[in-house]
Structure formats: C-alpha cells, structure tokens
Amino acid sequence: MDIPAFINEYWTYLSIPAVSALVGFGTNWLAVKMMMYPVEFTGIGPFGWQGVVPANAKKMAHVVVDHSVKRVLTQQELIDRIEANKLIDALQNRIEPFVEDIVDEVLAETSNYGVPVGNFIWSVAPGALKSRVYKEVKKSMPDVLVRTVQDVRDNLEDMIDINEIIIDKLGNDPQMLIDIFLTAAKKEFRFIERSGLYFGLPLGIPVMFVWYYMPVWWLLPFFGLLVGYITNALAMYLIQKPLNPVKIGPLTIQGLFVKRQKEVSRYFGQIFANDLITAEVVMGEVLKSESALDRIRDMIQREVNRAIEDTQGIFKPITVLSLGPAEYAKVGKIISERAFREFRNPDKRSLRYLDEAFDIEETVAERVGALPPEEFFELLHPVIAEDEWKLIAVGAVLGLAAGCCQWALLT
C-alpha cells in the first residue's frame, strides 16, 4: 500500500496524535495568557476571569521584593553608601549662585529697626566688597551642607521604607508587574506553550492504537481531558524543578528558571536600578511625606542657626544691636527657608551621584544571582502556584471538550 492510500484509509486514526498535540499547545498557551490577562476583571457578575498576577497584584509585589532585594540589601546599607562630602561635591555647581542669591535676599529682606536700608547699601556697595562677603559665606556653606546631609542620612531610616515604596509602586501598577514576570520568565513561558506540542503528540500515539481496537464513545473525551491535564501540569513542574541538577543517564535535568539564575538576576538588577530604587523615586517619596519634610526643615533650620552663631562669635551682640533682635532671627529663617526650597528641587547631578552610590544593579544582580536555588526559585513559584489548580483544570476541561469534538467528527 502506497503512502497516499495509507493516509486515506487511516487518516481518522492519524489525526488523533495531531489533535492531541494541538490540544496540548492550546491549553498551555491559554494557561500562560490566563496568568497575566486580562488586567481587569472581565465577565458577568461573579462569573469571569482576571489574570492571576493582576488579580493578586499586592501579593505578587511582595513576592518580587521579599524574594529579591529584601533578601540581599537593607535600607540602612543603602543609606550608609551616601557620602556627604561627595554629595556636596556633586552640588558645587549650585552652591555658587545659591550663596549669592541668599546674601542678596537676606540684605533685601532685613532692615535696621524697621528701616530697610540694607538693600540700598548693598546695591551701591563696591564689587570687591560684595565678592569678599560672598567668599566668606561660601567658605562656611559646605560645612553647613555636610552636617545637614549627615542629619538627613542618619534619620532617613525613620522617614521612609524603601521596600514598602517598591511594593506600593508595583501593587498599584499591575501592567508593570506583568511586564516584569513576562520578561524575567520569557523563556519559561515560551517553553510552557511549546511543550504542549512536545508532550501532546507522543501522548496521542497510544490513544490512536487504543481507538483502533476499542472505539468506545468515552475514550477520546477521556484522553483529551488527560492530555490537557498532563501537558499543563508537566510543563509547570519542569520550569521550576528539580532545583538542583539531576543526572539521568547522559542527560542533566534542572528546572529551567533556576538554570537561568544569573541571567534573571541581571534583569532584576536592571529593573530595580532603572525603575524602582532610583534616587528620583526615593526623593519623590520623601517629598510626598509631610512629616519627613517637617523634620528636614527643622534640621536645616538648626544647622543654619548653628552656622550663624559660629560665624558671629563674639560679634553677635553687636550684630543683634545693629539689626534688632527680630531682624537678627529673621536672617536664619530666610536662609533656612531658601535652603529648604533648594532641597525640594533636587539637582540632576546630585541624583546621579546617589544612583551611583546606591549601585543597585550590580548589588542586586550579584547577590540575587548567588542565592541558593531553593530561595531563588521562590521568585517565580508563587506566580505558578497561585490558582495553579484552576489553570490545570481549565486545560483539562478544554482537553475534554476537544476530545468530545473529535469523537463526534470521527463517528
């Protein structure tokens, strides 16, 4: 019998492995999509579906943080990496105009017992005198800034919680969470989809022979359910386990995700460094907290007053007498308020220094990459485990439906 005649006579049986492969691929493809989509609940009343990740966004955000950065890096370590002197060096381009503006503002806003002569005198003062005043103020400014930065750094632990910032950011942005998981486990999810074909085809071959000798009505629906279940469950298992390499004859088997630990860790380092733990994000959170801002304002006021006291020394009584007590106190307030306004408008160079000091990408990549397999595996496992039975059940039901359709067509 030639090949065309053989196919013509036995095509109904040959179609069984092909359909089995398609069922395996279709159910696995759907399982991956159902993990991530839809982002919002879609359905009628209580009947519908929302992707596993977006439906559990807060929980998944905790998974990302708890099993990566929180295990390898503390907030205090990040804070300790900030060196006040280096941060002030990064701010040098702003100190020059800042000092001159402050001196001009103090003289414009203060008066001698109610008579605003300071601004007039300053406006007609010789350039050499102005330069000398600016120079003297600039000499003391770095010390004031260093002490202020150290104060803020020493108290930053009480002002914000970086881990909670990341969790809130991810928990309120399901699409970002989806993108992180899809990118980090891209190869594993692709394996889940394609493995439906790899497993479905061989699983259909024995069914073909059984159907030839025993074409009972329940056989194809039953094996359709079995194929849908096995291909889903097996694929989800193999991307996670075994955690450590296992030799089976000439083959070495290990969970696909754990096998790519270094590669995935590098990606997480980039995500945290570029989107989640940046100086801009941290400063933004500090600036949103009224209690943190009040504490920083108090620190700046304290350091400015200290600097004024140190500068005046034995001449303080003369200065107070010439300006008046109210105007003397006003000087410190003007300077501290202006410094506070500068703090609320971070300089790009200072943000760049902070990002370099944090060194998030390398730290996360190296330390997460060095985690034991059983700890690293927890980065993906909750995504698979959450509602896993539902995903496998859907695969089984779709396999059952496909088996029923195939039985109807073949009979």
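Rounded to two decimals, what is the ratio between the C-alpha radius of gyration of segment 188-269 and 2.2 N^0.38 Å?
1.45
Our coupling estimate for segment 367-382, obtained by passing each phi through the Karplus curve with A = 6.51, B = -1.76, C = 1.60 and θ = phi - 60°, is 7, 5, x, 9, 5, x, x, 5, 8, 5, 4, 5, 5, 10, 3, x Hz, Gly and Pro reported as x. Classified by the C-alpha gyration tensor, segment 202-250 has an oblate form. Its axis ratio a/c, with a ≥ b ≥ c, is 1.5 or above, and a/b does not exceed b/c. The string of couplings for segment 57-65 from the Karplus curve (6.51, -1.76, 1.60, θ = phi - 60°) is 4, 4, 5, 5, 5, 4, 4, 4, 6 Hz, one whole number per residue in order, with x for Gly and Pro. Evaluate segment 334-411: find the radius of gyration of its Cα atoms, find its Kirkwood radius, and give the ratio Rg to Rh. Looking at segment 334-411, the ratio lands at 1.47. Backbone amide hydrogens, once placed in the peptide plane, bring D387 within less than 5 Å of nothing, excluding anything fewer than 5 places away on its chain.
Loop-located chymotrypsin sites (Phe, Trp or Tyr not before Pro) in segment 189-283 (DSSP state other than H, G, I, E, B) with a sparse environment of at most 13 neighbouring Cβ atoms within 10 Å: W217, W218. Put a dot 7 Å past the Cα of Y37, heading toward its Cβ, do the same for E164, and the two dots end up 3.6 nm apart. Comparing Cα centroids, segment 172-192 and segment 195-256 end up 25 angstrom apart.
Readers should treat all values here as calculations from the given coordinates under stated rules, not as data from a laboratory. Since the structure is predicted, the reported quantities are computational estimates derived from the model, not experimental observations. Positions of Cβ are backbone-derived with ideal geometry, glycine not excepted, and every protein chain shown enters the neighbour counts.
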